[in-house]
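Here is the structure we will look at.
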Amino acid sequence: MDEATITLERADKFLSHVYWKDCNLVSKLLTRKNPIQVSTLDCGLTRPPFAEVKDKLFTPTHIGASFGPSWATHWFRIVGTIPDEWKGACIVLRWDAEAECCVYDPTGLALQGLTGGQGGDKRHEFIVTHHSHGGEHVELFIEMACNGMFGVGDGGMIQPPNPSRRFTLQTAELAVLELDAWCLYWDLETLLHIAQESPATSEIRARAVAALEAMLACVDVGDKGSWLRARTIAGALLRRRRGDGAGGGGHLVTAVGHCHIDTAWLWPYAETRRKVARSWSTALRLMEQYRGFVFAASQAQQFAWLARDHPRLTSQLKAMAAREQFVPVGGTWVEMDCNLPSGESLARQFLMGQRYFRTEFGVFCDVFWLPDTFGYSAQLPQIMRLAGIDFFLTQKLSWSLVNKPPRSTFAWEGLDGSAVLVHFPPADTYNSSASVADVIKSRDANKDKDRFNESLLLYGHGDGGGGPTPAMLERLHRLCDVPGLPRVRTGSPLDLARRLREVAAASPLRRWRGELYLELHQGTFTSQAFVKWSNRRCEELLMETEATAALAALLTRASRDSSSTGGVG
């Protein structure tokens, strides 16, 4: 085993949440823990809002208590005091009930979502205060949905639902987040992943390994001063602000926070509504904490649900939209299927979606956002252009089994010759963890660097919601301008779309004509013929109903006009 491999193994174990976590750097992240009082209210299979439960009688509960069954709701009231000796510290609530939860303040404002369990999308911490004065009283409410991020199946993402699942309260406490240890952790992790993902003979790998070796020789987990000295060593590489080609050249990766939420999948619509509140309130907290963080969200239906259920959250989102940290995209009512619906149905998606965004946010979307649909009809470019949209983003076609998309950035021409600009994020995911590997893949897998040397990276837990995490944002901050890697900027998809328009105007992009066919999920509708028949029958009935209503309105108006003129005519 060579010296570099030994260094990387040492660094990996020093950051491990499995090995030696009681004495490595992980043991210093959350310290000085304090229990809290927890009481609960069983709401059964209903989903009552905060206003209906806040004054009811909560009964004491404890760590190890079990809650259920599947799809039930339990509310919790937590009370605690921050010790005086924690003055000046960052205080977090640690909560794990193995289920999806949402933290509320005593006025009923949804503050942040929490994801229980030990999966890769777990989120157990909520920051109570970034700078404690010591002695503060803490009172919060938590809404618990008795389901996991992907429903109530046992042992995996897509499993038959178990109607009797139970969820156990594993953790409920206040703790101090040691910010110096936190920052050192992400410095080390970033350097470790740079070394692991870079070519063995590359300069950047050699520099990363050397920095890791020096940091590990310097740091003593019991000496906070050594943490700062180790961070200085990391900063010589991570904070040089140069990038892949000095002077700002090289491939540019625009990282966009994202949280794909399937409006209908493994949970009821009522749970989708709560997923939106959990996920978007979390994004709001991150916008407050990280001023460069930009979050894009689509689907007007989800915006409408949030406005109805959480009007104060909607007001906060609009304020962040004005600051260009929250970016409405898509222009459609939902992220729809594009195979079964008729052209008129697709047109109504844009009509209703664009009308909503114009009314609520004062803008029409000019980016069609559809990362997770099973193929794209050749009608779409024409309909998009008629809806005022000239840029389309998806990445689903990268999942095709045989023929991979030949382009990353191109012009897509529809049936009538209308064309829109298209970008497929080369990292081939809309749920990136903002890893070094995904940043490098964004550059290396881009098939059009000769025409447009940029990529979008969509990061954040998705499908069932959740969204970006502080860990992802810490990684992106450190990857901003590392020599030998792509330049990384957190930003808006609208900015990339604008730059692409400028490039396409100067030099036409390669062109794709006709359907964008996904070679995956075949048989999804063939095996459900009744769904296909019913969808088409409903489309026919809706058009007939609309035509009848329009005629009735005209006849009523004509009759009213005739009456007002005494029947002359």
Checklist entry - Just the accessible area for R499, please: 1.4 Å probe, Å², rounded to the nearest 10? => result 60
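For the range 261-317, what is the Kirkwood hydrodynamic radius in Å, using each pair of distinct C-alpha atoms? Let's see the in-between values first.
Working: mean 1/r = 0.0844 Å⁻¹.
With all distinct Cα pairs of the range 261-317 included, I get 11.9 Å.
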Item to check | Whole-Hz ³J(HN,Hα) from phi, Karplus 6.51 cos²θ - 1.76 cosθ + 1.60, for the range 68-78, glycine and proline x | outcome: x, x, 3, 6, 6, 10, 10, 9, 10, 10, 10
Next on the checklist: So, for the chain, what is the accessible surface per residue at a probe of 1.4 Å, expressed in square angstrom?
Outcome noted: 44
Next on the checklist: Could you compute how fast the range 262-409 diffuses translationally, taking Rh as the Kirkwood radius over C-alpha pairs and applying Stokes-Einstein at 10 °C with viscosity 1.306 mPa s? Give it in µm² per second.
Outcome noted: 98
Checklist entry - Along the charge dipole of the range 407-485, which of V482, L458, H423 sits closest to the positive end, that is, farthest toward it, with unit charges on the beta carbon of Lys, Arg, Asp and Glu (+1, +1, -1, -1)? => result V482
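How big is the Rg/Rh ratio for the range 478-569, C-alpha atoms only, Rh by Kirkwood, two decimals? List each step's numbers first, then the result.
On the way: Rg = 27.6 Å, Rh = 20.9 Å.
Rounded to two decimals, Rg/Rh equals 1.32.
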Checklist entry - So how much accessible area does E546 have, in Å² to the nearest 10, using a 1.4 Å probe? => result 90
Checklist entry - Dipole size in debye (nearest 20) for the range 241-385 around its Cα centre, Lys and Arg Cβ +1, Asp and Glu Cβ -1? => result 560
Checklist entry - Under 29 Å from the Cα of K396, which lysines turn up, not counting those fewer than eight places away in the same chain? => result K122, K275, K404, K441, K447, K449, K532
Next on the checklist: Which residue, G68, F368, L8, has the largest displacement toward the positive end of the dipole of the chain when charges sit on each Cβ (Lys, Arg +1; Asp, Glu -1)?
Outcome noted: F368
Item to check | Nearest-20 debye value, the chain charge dipole, Cβ charges on Lys, Arg, Asp, Glu | outcome: 880
Next on the checklist: I'd like the accessible area for S435: 1.4 Å probe, protein heavy atoms, all chains in place, Å² to the nearest 10.
Outcome noted: 20
Checklist entry - Rg(Cα) of the range 125-201 divided by 2.2 N^0.38 Å? => result 1.73
Checklist entry - Mind checking the angle between helix 529-564 and the chain's longest principal axis? C-alpha axes, 0 to 90 degrees, to the nearest 10. => result 60
Item to check | ³J(HN,Hα) computed for each position of the range 106-123 - Karplus, 6.51 cos²θ - 1.76 cosθ + 1.60, integer Hz, glycine/proline x | outcome: x, 8, x, 7, 5, 9, 5, x, 10, 10, x, x, 10, x, x, 9, 5, 8
Checklist entry - Once the Cα atoms of helix 224-238 and of the chain are each reduced to a long axis, what angle between those two axes, in degrees from 0 to 90 to the nearest 10, is obtained? => result 50
Checklist outcome for this item: Working note, the chain: Cα radius of gyration (Å, one decimal) and Dmax (Å, whole number) are 26.3, 102
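Just reorder T545, T314 by solvent-accessible area, largest first, 1.4 Å probe, all chains present. Please report the intermediate quantities before stating the final value.
On the way: T545 85, T314 20 Å².
My answer, sorted largest first, is T545, T314.
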Next on the checklist: Can you give me the C-alpha center-to-center distance between the range 300-314 and the range 253-291, rounded to a whole angstrom?
Outcome noted: 12
Checklist outcome for this item: For L15, the residues 5 or more places away or on another chain with a placed amide H closer than 5 Å to its own amide H are none
Checklist entry - To the nearest 10 degrees, how steeply does helix 269-289 sit against the main Cα axis of the chain, on a 0 to 90 scale? => result 50
Checklist outcome for this item: Note to self: C-alpha centroids of the range 324-353 and the range 380-454 sit apart, in Å, by 18
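How big is the equivalent ellipsoid of the range 1-120 along its three axes, where each semi-axis is √(5λ) from the Cα gyration tensor, reported in whole Å from largest to smallest? If you can, show how the numbers build up before the last one.
Numbers: eigenvalues 270, 73, 31 Å².
Those come to 37, 19, 12 Å.
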Checklist entry - Peptides 406-413, 262-269: what's the order by average Cβ count within 10 Å, highest mean first? => result 406-413, 262-269
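Per the 1.4 Å probe, what fraction of the accessible area of the range 1-88, in percent, lies on carbon and sulfur atoms? Each step should come with its number before you reach the end.
Numbers: 2860 of 5140 Å².
Here carbon and sulfur together make up 56 percent of the probe-accessible area.
Restricting to the chain, compute how many DSSP beta bridges are antiparallel as a %, nearest 5.
In the chain, approximately 70 percent of DSSP beta bridges are antiparallel ones.
The values are calculated or read from the model by the stated rules, or taken from the named source; none is laboratory data. As the structure is a prediction and not an experimental result, all values here were calculated from the model. Please note: Cβ atoms are built from the backbone with ideal geometry, for glycine as well, and neighbour counts cover all protein chains shown. Heavy atoms of the whole protein, side chains included, go into the accessibility calculation; ligands, DNA and RNA do not. Shrake-Rupley method; radii C 1.70, N 1.55, O 1.52, S 1.80 Å.
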